[in-house]
1. Determine, for each peptide in 24-36, 208-220, 98-110, the mean count of other beta carbons within 10 angstrom over its residues, then list the peptides with the highest first.
2. Dividing the Cα radius of gyration by the Kirkwood radius, what Rg/Rh value follows for the chain?
3. How high is the relative contact order of the chain, in percent, counting Cα pairs under 8 Å that sit 6 or more residues apart?
4. So what is the relative contact order for the range 270-313, in percent, with contacts set as C-alpha pairs under 8 Å and at least six apart?
5. Would you list Asp370, Asp330, Asp163 from the most to the least accessible area, probe 1.4 Å?
6. Quick one: which of 15-21, 153-159 comes out on top by average Cβ neighbours within 10 Å, and what's the full order, highest first?
7. Using only the alpha-carbon atoms, how far is helix 245-255 inclined from the longest principal axis of the chain? Give it as 0 to 90 degrees, nearest 10.
8. Obtain the nm distance between the two label points defined at Tyr343 and Val22 by a simple spin-label model: each point lies 7 Å from its Cα along the Cα-to-C-beta direction.
Amino acid sequence: MKNFNPADKIQDLQYFGEFGGVNPSISDSSTYTFLSAKTMFDTFEGNMEGCYLYSRHSSPSNLYLDQALAAMEGTETANVSASGMGAITPTLLQLCGSGDHIVSSRTIYGGTYAFLKNFTPRFGIKTSFVDITKLDVVEAAITSKTKVLYCETVSNPLLEVADIGGLAKIAKKYNLKLVVDNTFSPLSVSPAKLGADIVIHSLTKYINGSSDTVGGVTCASKEFINSLKNVNSGASMLLGPTMDSLRSASVMKNLRTLHIRIKQHSYNAAYLAEKFESDGLKTVYPGLKSHPSHELYKTMINPEYGFGGMLTIDVGTLAKANELMELMQDRNLGYLAVSLGFYKTLFSAPGTSTSSEIPFEEQLEMGLTDGLIRFSIGLDNDIQRTYEMMKACMVELGVL
């Protein structure tokens, strides 16, 4: 990751509003006028730069955010969408058609799993779910029909780490597209610089950071993004997961502070993970030496931004997990809620929430136990105080 700092790439972008504002003006229009019919025709055919036709295709506000997120990930361009799934689903449908095959990590966001397991087979697209940490298993799953390798940099919710460089070599060997969901690790990891072809984010999470907006983005080459937006055959164009201009402007403002927030999220999560582990709790965090991919992840991250803000602990049973989360919420330590990247800590039992789409038997097979609690650690100013309060809750309930 030498000579590439994603926060610098964001900072180096400067936009001016139409009246000289330090924030770009918001294009609050669904359709746009033309001075000539010929210009409208050329714009519709994709032969006219700088003109806008209809906001489902593109808008000035969305293109500002596209440019900023592409700069952050080091790709040629990007396309924002109305949700993370609004980025994931068109991307995969653009890459695959009837008879094609996907090799995916077995531990991924429940919505993505459900899409690949239950929805894409309707279109004749099959998926093999594998342990993404074992490159030999990944390679063995590839067939003559395979078009895509799909993974999350850090998996939801088990926090397994994908060897993006190793996966990129396999993808290149078999002429596949490596698609990486980088939602858990913005700034910390730059998948495109490690060989990924396409990088996806749920903007809802860390990038926006205030849990008030749903959004997504696909970062890739101009060729691929243009194919997504093609008026005749583009999955994003035809399925219509368009991001609203007002939301786009909101995400753009929050993006400016992402580097500060990620550093604090990572610092706080590392502190708690070390404390929990030393207390004897079964703790998973990529920054811990006990994590099976710790040394690999050290070679992948931009060290300035740390190992991320996500960790898990296992308290044995779902009943105990629920009891603990309810008590922590009652003590104002955070919220019993799904999602991540908020300024307050969020905690949930993923087996009955964000991964509930995955059948119970398959949850057990991948190591997703009943008592697992997923934490998105917040921006607490005094993390020692937070730890002491959390520990008091655990002692009170007999977890410790």
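The values are calculated or read from the model by the stated rules, or taken from the named source; none is laboratory data. Predicted model only: the values in this text are computed from it and were never measured. Quick reminder, even Gly has a Cβ in these numbers, built from the backbone with ideal geometry, and neighbours come from all protein chains shown. What goes into the accessible areas is simple: the full protein's heavy atoms, side chains included, and nothing from ligands, DNA or RNA. Shrake-Rupley method; radii C 1.70, N 1.55, O 1.52, S 1.80 Å.
1. Details: 24-36: 13.6, 208-220: 23.1, 98-110: 20.9.
Highest mean packing first, the order is 208-220, 98-110, 24-36.
2. Numbers: Rg = 21.4 Å, Rh = 21.8 Å.
Ratio value, two decimals: 0.98.
3. Working: 793 pairs, mean separation 65.9, N = 400.
Computed over the chain, the figure is 16 percent.
4. On the way: 38 pairs, mean separation 18.5, N = 44.
Once normalised by length, the contact order is 42 percent.
5. Details: Asp370 80, Asp330 115, Asp163 45 Å².
Sorted descending by solvent-accessible area, the residues read Asp330, Asp370, Asp163.
6. Details: 15-21: 9.7, 153-159: 24.3.
Ranking, from highest mean packing down: 153-159, 15-21.
7. Result, in degrees: 50.
8. The two pseudo-label positions are separated by 1.9 nm.
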